[in-house]
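Single-structure report; data block below.
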Amino acid sequence: MKKGKAERITLWIVFVLFFFYAISLVLPLIWTFINSFKNNRDFFDDIWGLPKKFLTENYVSAFKLKVGRTNLAGMFLNSFILVVGCTAASIFVSTLCAYVVSKFKFRGRQVIYTVAIATMLIPTVGTLPATYKLMVTTGLYNTYLGIIIMSSGGFGMNFILIYGYFKSISWAYAESAMIDGASDFRVFWQIMLPQIKPALIAVAIISAINYWNDYFTPYMYLRAHPTVAVGLQSIVNMMTAQSDWPKLFAAMIISIIPVMALFIVFQKTIMENTVAGGLKG
């Protein structure tokens with residue numbers, strides 16, 4: 001009885017902590033959204049109140065903000081190109097690597113899996129000089145292709161998750177197909193891959209969100225084509241100097257709409273498959 005009571009108290013404490021944590025994340029977003037409809041005078045008169053009149057001009061003006069020669073619409077295009085290219089390259093290579101390591105027995109397989117995990121512990125800053133020099137030497141600096149190639153490494157979190165999905169699939173399906181004359185490629189493409197399709201969608205969405213929010217990589221290697229994450233930082237500096245906060249808030253809200261929409265639409269798929277992938281294998 002005492003144990004049950006202690007568990008309920010613990011659950012209530014955890015619930016309250018998570019509730020306040022969620023509030024701390026949501027309230028700043030709501031505050032930013034509300035103030036994005038004010039003019040500068042109304043904002044400084046009452047930063048906590050509702051707008052006297054909801055103005056959409058800030059959103060129109062936000063799209064005209066520029067970093068160099070690139071406006072916000074151009075930043076969206078740059079981010080979209082990187083998100084699509086990097087996500088596709090990352091998922092493709094990670095899926096192939098995870099399939100081979102999880103389903104084929106060969107010498108050094110466990111070493112490869114260990115290395116895959118170990119590479120996640122290496123800080124990006126530690127490889128910065130070598131990566132920068134390589135990008136410049138190969139002519140890939142300031143190109144979309146350079147960033148996409150960087151993202152196509154077979155290891156990382158995508159590899160770990162997809163590896164878990166493949167490990168959970170019985171090899172009996174493949175053996176039956178091989179008895180009927182199916183090639184290794186056909187087994188992979190027509191039998192194994194369709195079984196992890198929901199999981200691949202979830203991993204792809206998470207990857208896309210991460211690439212959209214990535215600031216460091218485009219800032220270091222794609223300076224000529226600012227993305228939303230990079231451009232928004234410059235806009236923050238510019239609007240702070242001008243004290244034009246409502247326009248800045250409008251730009252911030254615009255920048256997170258694609259990510260929020262993606263997560264809301266695929267929330268169930270993401271939660272079900274990422275949790276399952278982490279527990280399998």
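Readers should treat all values here as calculations from the given coordinates under stated rules, not as data from a laboratory. Given the structure is predicted, the values throughout are model-derived calculations rather than measurements. When we count neighbours, we look across all protein chains shown, and the Cβ atoms used for this are built from the backbone with ideal geometry, even at glycine.
Report, in listed order, any pair from Lys197/Lys268; Lys105/Lys167; Lys66/Lys247; Lys103/Lys268 with a Cα-Cα distance greater than 21 Å.
Lys103/Lys268, as the Cα separations exceed 21 Å there.
So how much slack lies between Ala22 and Ile81, counting 0.36 nm per residue of separation and subtracting their Cα-Cα distance, in nm? It would help to have the intermediate numbers written out before the result.
Numbers: separation 59, 0.36 × 59 = 21.24 nm, distance 3.20 nm.
That works out to 18.0 nm of additional length.
Fewest to most neighbouring Cβ within 10 Å: what's the order for Leu145, Leu248?
If I rank by nearby Cβ atoms, fewest first, I get Leu145, Leu248.
What ranking do Phe166, Phe18 get, fewest neighbouring Cβ atoms within 10 angstrom at the top?
The most exposed by this proxy come first: Phe18, Phe166.
Tell me, what is the FRET efficiency for Leu29 and Phe92 to the nearest 0.05, using R0 = 30 angstrom and their Cβ-Cβ distance as r?
Working: r = 34 Å, r/R0 = 1.13.
In this case the efficiency is close to 0.35.
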